[in-house]
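The structure under discussion appears below in the form of structure tokens.
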Amino acid sequence: MNEQIKLIECPRDAWQGLPELIPTEYKAEYLKELGLAGFKHIDAVSFVSPKHVKQMADSEEVMAKLNAPLLDRSNTQAGQQDASATIEPPEIIGIVVNEKGLQRALATPGVTTIGYPYSISAYFRRANANMTRDESRSLVEKLKKETAAANRGLLIYISMAFGNPYDEPWGPEIVADTLEWLKDIRVRTVSLADTVGTASPQLVGDLYRSVKDHVAGIELGVHLHSRPENVEEKILAAYEAGCRRFDSALTGLGGCPFAGDNLVGNVATEDVLAALRKAGADPGIDSARLTKALEMTNEIRARYAHAPLVN
């Protein structure tokens, strides 16, 4: 089965909460390796206050180091005689949380898509962005206007789409209402985020089915966090419900620090690939080409996350 699957690799989400700073040069080298491994969509950087997310303070410098080698480097796969071919530059997603971050992202060459986490949880929105619902919606409308003018893409994450632990009103109708609003302002790419990683596989499938009819003209994906043992079931539940866009991170590094469970992290790219292949679909990543990127990921785990290696 040859279906159009989009796999978005998310090193930014994997790195942002790590206790030790990864050197700028190493970040750029890692992102370059992802491009060479065949990833066409990379959530790579964010433009947020360095006081709050020190790991991402060097996003402009990372992109400056990345641009020349990634955009110009010849494809030198083993056995290839013609070294004049170049890899196609991937989509690079840069996350922003306010207008200042937007202006930084728009001024950074190589950032092709702006991402914004729009939370449907009032508590989470206040704690992370100190915004009301109306203020957050006004920002999204500004993001849409300015990214369109700058010929950049716009990706909106619906944070807490699968529920939250804050005893707030939640339900598929709230997610559907949000999608209808995004469709009305002509946002065309949205990802449903299980921010705290508590959704069951059944909830993942049920929610996707219940809201997908509200998004004609929108590419709707999932950004799931999970305990490792639940990943395959969640990915298959989303796929069977119709999802064809998946966020993941090699080895499952990173995730939301608010989950309250150290085993909850990003879904591992290796597990997503295995689950999709089991379903008869494949996003076109050659496992053999992941070797170097996986080695670098495990080095990051050991040196900067103080986390066990993943085989």
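Only the coordinates and a few stated rules stand behind these numbers; no lab work does. Every value quoted in this text rests on a predicted model; they were computed, and no experiment measured them. For neighbour counting, all protein chains shown are included, and Cβ atoms are generated from backbone atoms with ideal geometry for every residue, glycine included.
Ignoring everything except DSSP H segments at least 4 long, calculate the 222 nm mean residue ellipticity for the chain; use -39,500 (n - 2.57) per segment, divide by total residues, nearest 500.
Working: 11 runs with 120 residues, N = 311.
My calculation for the chain gives -11500 deg cm²/dmol from helical runs alone.
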Along the dipole axis of the chain (charges at Cβ: +1 for Lys and Arg, -1 for Asp and Glu; origin at the Cα centre), the most positive-end residue among Ala150, Cys243, Leu182 is Ala150
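If we count every other residue with Cβ under 14 angstrom of Met131's Cβ, Lys/Arg +1 and Asp/Glu -1, where does the sum land? Display every interim value, and only then the final one.
Details: positive: Lys100, Arg125, Arg126, Arg133, Arg137, Lys142; negative: Glu99, Asp134, Glu135, Glu141.
Residues close to Met131 contribute a combined charge of +2.
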Ser121, Ser138 arranged by Cβ crowding within 10 Å, fewest neighbours leading: Ser138, Ser121
Pop out the Kirkwood hydrodynamic radius of segment 203-293 from its pairwise C-alpha distances, inverse of mean 1/r, in Å to one decimal. 13.8 Å
Can you sort Ser287, Ser210 from fewest to most other Cβ atoms within 10 Å of each residue's own Cβ? Ser287, Ser210
Which far-off residues, 5 or more places away or on another chain, put their amide H under 5 Å from the one on Gly265, with H placed in the peptide plane? Ser226, Arg227
Can you list residues from other chains, or at least 5 along the same chain, whose modelled amide H is less than 5 Å from the amide H of Ser191? Ile156, Tyr157, Ile158, Gly221
Residue exposure sequence - Asp247, Asp134 - by fewest surrounding Cβ within 10 Å: Asp134, Asp247
Between (i) 204; (ii) 152; (iii) 131, which entry matches volume of the Cα convex hull per residue in Å³ as derived from the coordinates of this structure? (iii)
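Which whole-number percent of Cα pairs in segment 86-171 have a distance greater than 20 Å? Before the final figure, lay out the partial values.
Numbers: 1411 of 3655 pairs.
Looking at segment 86-171, the distances longer than 20 Å represent 39 percent of pairs.
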